[in-house]
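Working notes, structure below.
Just so it is clear, none of the values below were taken in a lab; they were calculated from the coordinates. These numbers come from a predicted model, not from an experiment. A quick note on method: Cβ atoms are made from the backbone with ideal geometry, for glycine too, and the neighbour counts reach across all protein chains shown.
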């Protein structure tokens, strides 16, 4: 069967993304064939396109998050059945496609009450929010936390969820418009990093104490500011590289700032087994179905215009999630 997908043959800017006709194979052992209905766009896609995270080979597909209908299954598949509406947020890359095969063990059934577009906008970002808030550092009622890119894809979910958990959220954003949105999403306070010193504002808001945890997806540009927001023995959660990877540094800096902890987690590690994947997705679905967290889609584009989606994402001109529609 022939269908269209976004492919690229070399690393570079958004212009390397090409709309191509490809051959879609029949599902092999352990695989399911999906007719995809909505596709999520994430910063990890940019990392693959630019080469920050190398892809296995060229030419390559791109994308790690989508929703679709199971049209056929290969030998040995028991996890899903034809006709199931499913979603995924995992390797192998190749999610920017009309049809594709995926390992069935990485697919999760989408419950009624969650639309295809919502599911495509929430799987990777929402499961990331789940492990950050519930497992990397288990947010408790009364905690004050700092969350960078509070109006972005992960932030727009995480800030609502953290407020639901009883936390006071300090959201760090890049503009007044995004600050207003972050407050709508549950942030008690916002800091516009382009004109305010984040550590100084955090210290002022916490009576000089600092916070027990900072969630930072920006990376290189904000790393030391994030460390300076922490209370003694606080945890720095560096979970993204939007401004570039954090360079090597002297770990003595953690001691000088109060015996700090540092972690660099990934969704793949936290959903490595099917049991972990299903538990993570179930908690996400529950909090969305309860309306405690609402999924915000900031931009919808045709799949063939994936390059435009990357331009918007890298230009930080979007709020909420970006969804591509085949």
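Ranking request for peptides 226-239, 290-303, 30-43: highest mean number of other beta-carbon atoms within 10 Å first, then the rest in descending order. It would help to have the intermediate numbers written out before the result.
Values: 226-239: 20.7, 290-303: 16.7, 30-43: 24.0.
Order by mean packing, descending: 30-43, 226-239, 290-303.
Were the residues from residue 188 through residue 224 laid out at 0.36 nm apart, the gain over their Cα-Cα distance would be 10.6 nm.
Each residue in 285, 249 was given a count of other beta-carbon atoms within 10 angstrom of its own, and listing them fewest first yields 249, 285.
GNM on the chain, alpha-carbon springs under 10 angstrom: the most fluctuating residue among 194, 144, 280 is 194. Here the relative contact order of the range 141-264, from alpha carbon pairs under 8 Å that lie six or more residues apart, stands at 20 percent.
Can you give the relative contact order of the chain as a percent, counting alpha carbon pairs under 8 Å and 6+ residues apart? Walk me through the numbers on the way to the answer.
Details: 734 pairs, mean separation 57.5, N = 326.
Computed over the chain, the figure is 18 percent.
Using every Cα-Cα pair within the chain, state what percent have a distance larger than 36 Å. Of all Cα-Cα pairs in the chain, 18 percent lie more than 36 Å apart. Helical content alone sets the calculated 222 nm signal of the chain at -8000 deg cm²/dmol, taking -39,500 (n - 2.57) per DSSP H segment of four or more residues and averaging over every residue. R0 = 51 Å: FRET efficiency of residue 256 with residue 115, Cβ-based, nearest 0.05? After rounding to 0.05, the efficiency reads 0.55. Peptides 312-322, 59-69 ranked from most to least packed by the mean count of surrounding Cβ atoms within 10 Å: 59-69, 312-322.
When 161, 99, 19 are arranged by Cβ crowding within 10 Å, least crowded first, meaning fewest neighbours, the order is 19, 99, 161. If you take every DSSP beta bridge fully contained in the chain, what fraction is antiparallel? Give it as a percent rounded to 5. Given both bridge residues lie in the chain, the antiparallel proportion sits at roughly 55 percent. Between residue 176 and residue 81, the simple label model (points 7 Å from Cα in the Cβ direction) yields a spacing of 5.7 nm. Sort the range 219-326 into rounded, prolate or oblate with this rule: let a ≥ b ≥ c be the square roots of the eigenvalues of the Cα gyration tensor; rounded if a/c is under 1.5, and if a/c is not under 1.5, prolate when a/b is larger than b/c, oblate otherwise. Judged from the Cα gyration tensor, the range 219-326 comes out oblate (a/c at least 1.5, b/c at or above a/b).
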